[in-house]
Amino acid sequence: MTERDDNDALAGEYVLGTLDATERQAVEVRRLREPTLDQAVADWERRLAGLAETVVPVAPPAQLYGRIAAQIGAARIAQSAPAPVTAGVPPSTGVNLSNVIQLQARVARWRRVAIAASALAASLALFSVFRDQILPQQPQSFVAAFVKNDELPQFMLTIDLKTRELTIRPVGADKLQGKTYQLWVTSEQIGPPRSLGVLDDGSSPLQRKSVAAYDPAQLQNATFGVSIEQAGGSPTGRPSAGALHAKLVPARP
């Protein structure tokens, strides 16, 4: 067992809270002069930080303080009693009792760390199942319909926030002569309408466009627009008057 292994085990016990008060104080003193132990404690705290967020606060029982006080009193009485002789190590054997005690402490420490690590792994596995099966999943696919008055939608738009790929198809849109449809996006975060490209004359059954330049949260809350522009797109960089607008709604399976 190397010194690094000892430090990692001790750091794990310190962060998991399995050390008594005297041992914790000794670790805190060592952290000030041993960078490797201090880093090991920081690594354990980082690994366990996510688990702490899943713990629901629970108020302690009213009788808990009295039981703690009684146990502290019993511990003080035990400390004042004579130290027991280590069993199985006769004085005549020449065995270094200090080494035996240190070895026993290391074995006990690794046993406690192994138990705590197993419990932690089980807790993380249960949390993953709870998160995936019980907590509601955020929708990734959205649709939008560009409707003029009460007529058939002119265009239908779908977007996958995971891949950030957008598809748009004409439904009731008229084919244009010498002009083109142009797609836009805007929001408070995005700013003024930005072009997502032209849609030719509306004759293509389906067109795909990448919106990877935008954050999924921006896209989910954005307003999309389709305007009629001269061939090649808007010369001003802004949509012409009369553009149709639509908001995204989650697509239901």
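Some points to look at:
- Output for segment 243-253, where each listed residue is open to solvent by less than 70 Å² (accessible area, probe 1.4 Å) and either hydrophobic (A, V, I, L, M, F, W, C) or part of a loop (DSSP other than H, G, I, E, B) (or both): Ala243, Leu244, Ala246, Leu248, Ala251
- For segment 214-235, a residue qualifies if it is of a type in the set (Ser, Thr, Tyr) and either surrounded by fewer than 21 Cβ atoms within 10 Å (Cβ to Cβ) or closer than 20 Å to Leu161 by Cα (or both), and the qualifying residues are Tyr214, Thr223, Ser234.
- Tabulated pairs, segment 14-34, first touching a residue at least 40 places away in the same chain (Cβ under 8 Å), second open to solvent by 50 Å² or more (accessible area, probe 1.4 Å), C-beta under 7 angstrom, 6+ apart or interchain: Thr18/Arg112
- Qualifying residue in segment 205-213 (condition: over 38 Å from the mean Cα position of the chain (by Cα), exposed (fewer than 12 other Cβ atoms within 10 Å of the Cβ) and under 18 Å from Phe146 (Cβ atoms)): yes
- Single unsatisfied condition, Lys162 versus (1) modelled with pLDDT of 85 or more; (2) surrounded by 12 or more Cβ atoms within 10 Å (Cβ to Cβ); (3) part of a loop (DSSP other than H, G, I, E, B): (2)
- Matching residues, segment 197-237, being in a loop (DSSP other than H, G, I, E, B) and closer than 11 Å to Val185 by Cα: Val211, Tyr214, Asn221, Ala222
- Search result, residues across segment 200-253 that are among the basic types (Lys, Arg) and touching a Ser or Thr at 6+ places or on another chain (Cβ under 7 Å): Arg208, Lys247
- Of residues in segment 165-191 being within 34 Å of the chain's Cα centre (by Cα) and of a type in the set (Val, Ile, Thr), the one surrounded by the most Cβ atoms within 10 Å (Cβ to Cβ): Ile168
The values are calculated or read from the model by the stated rules, or taken from the named source; none is laboratory data. These numbers come from a predicted model, not from an experiment. Note that each Cβ is placed from the backbone with ideal geometry, even for glycine, and that neighbours are counted across all protein chains shown. Side chains are part of the model used for accessible areas, which takes the heavy atoms of the whole protein and leaves out ligands, DNA and RNA. Shrake-Rupley method; radii C 1.70, N 1.55, O 1.52, S 1.80 Å.
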